[in-house]
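Please read the structure below before turning to the comments.
The values are calculated or read from the model by the stated rules, or taken from the named source; none is laboratory data. No experiment lies behind these values; they were computed from the predicted model shown. Please note: Cβ atoms are built from the backbone with ideal geometry, for glycine as well, and neighbour counts cover all protein chains shown.
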Amino acid sequence: MWGPAVHRTLLSLIALAVVTITVPGRSDAQIRVEANGNLGYTIVNPVDWLGQGAFDTERLVHGGDVAVVFGRRYGRGLQLALDFGYQHLLSYKFIQQGVPQAYSADVYRAAMTTRFWFNEGLWFGEAGFGAFRFDDRTDPSITAGFGTAFEIGERLSIPVRARGAVVFGGTSEIGPVWLSTGLSYRLRS
């Protein structure tokens with residue numbers, strides 16, 4: 001599915017996350033599991049992206065993701081997250097040999113993001129890189145976002161954020177932007 005360079009990079013970052021949370025003196029690290037729903041819009045010119053004419057374009061982004069987040073929200077202000085999800089990016093029709101064809105860009109995505117907290121832990125920004133897996137290829141991507149989390153219990157919170165990505169495809173880039181919310185559960189304190 002992904003090339004050797006992507007595998008090595010992801011394994012290196014996972015190893016870094018494991019070392020970060022298990023180094024002596026860091027036993028107070030937190031691990032959170034987050035599940036989110038997404039809704040947004042895809043910024044793309046379907047004609048450029050497809051490389052031919054397109055019509056009946058629908059660009060609504062929807063889907064969901066699950067993330068494992070390492071690090072304290074208030075401690076050093078940085079967290080590392082492994083993020084996996086599914087998104088519908090767009091759908092459209094095109095003519096192939098005189099016959100209308102329908103296409104739906106549904107992808108699986110994975111990302112490694114760094115979340116940095118500011119304003120005394122009230123807001124966070126995030127940036128990372130990853131990949132979007134289409135039916136016939138895997139394209140690299142960069143992701144950025146900002147948001148906050150509302151504490152609703154000792155271990156439970158509601159993250160709310162705006163995110164965007166640039167997916168570097170073969171013919172042109174595609175840029176989904178979305179709002180995301182869900183639940184975050186702290187496994188250990």
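Say we look at region 24-83 and pick out the residues that are of a type in the set (Gly, Ala, Ser), exposed (fewer than 15 other Cβ atoms within 10 Å of the Cβ) and part of a loop (DSSP other than H, G, I, E, B); which of these is modelled with the highest pLDDT? Within region 24-83, the match that is modelled with the highest pLDDT is Gly53. Do we have Ala127 as of a type outside the set (D, E, K, R) and either surrounded by fewer than 17 Cβ atoms within 10 Å (Cβ to Cβ) or in contact with a Lys or Arg (Cβ under 6 Å, 6 or more places away or on another chain) (or both) here? For Ala127, the condition - of a type outside the set (D, E, K, R) and either surrounded by fewer than 17 Cβ atoms within 10 Å (Cβ to Cβ) or in contact with a Lys or Arg (Cβ under 6 Å, 6 or more places away or on another chain) (or both) - is met. Given the condition under 21 Å from Leu90 (Cα atoms), surrounded by 13 or more Cβ atoms within 10 Å (Cβ to Cβ), without any contact (Cβ under 8 Å) to a residue 40 or more places away in the chain and not aromatic (Phe, Trp, Tyr), answer yes or no: does some residue in region 144-153 qualify? Within region 144-153 (the criterion being under 21 Å from Leu90 (Cα atoms), surrounded by 13 or more Cβ atoms within 10 Å (Cβ to Cβ), without any contact (Cβ under 8 Å) to a residue 40 or more places away in the chain and not aromatic (Phe, Trp, Tyr)), the answer is yes, since at least one residue qualifies.
For Gln101, the conditions (1) surrounded by 13 or more Cβ atoms within 10 Å (Cβ to Cβ); (2) modelled with pLDDT under 95 are fulfilled apart from (1). Could you tell me whether region 162-181 includes any residue that is closer than 18 Å to Phe70 by Cα and in contact (Cβ under 8 Å) with a residue 60 or more places away in the chain? No: region 162-181 contains no residue that is closer than 18 Å to Phe70 by Cα and in contact (Cβ under 8 Å) with a residue 60 or more places away in the chain.
Given the criteria in a strand (DSSP E or B) and touching a helix residue (DSSP H, G or I) at 6+ places or on another chain (Cβ under 8 Å), does Tyr103 qualify? Criteria met by Tyr103. Taking region 81-102 as the range and being more than 19 Å from Phe150 (Cα to Cα) and of a type in the set (A, V, I, L, M) as the test, the residues that pass are Leu82, Leu89, Leu90, Ile95, Val99, Ala102.
Looking only at region 130-143, residues that are crowded, with 17+ Cβ neighbours inside 10 Å and either in contact with a Ser or Thr (Cβ under 7 Å, 6 or more places away or on another chain) or farther than 11 Å from Arg109 by Cα (or both) come to 4 in all.
For region 154-172: of the residues being under 15 Å from Asn45 (Cα atoms) and modelled with pLDDT under 90, which is surrounded by the most Cβ atoms within 10 Å (Cβ to Cβ)? It comes out as Gly169.
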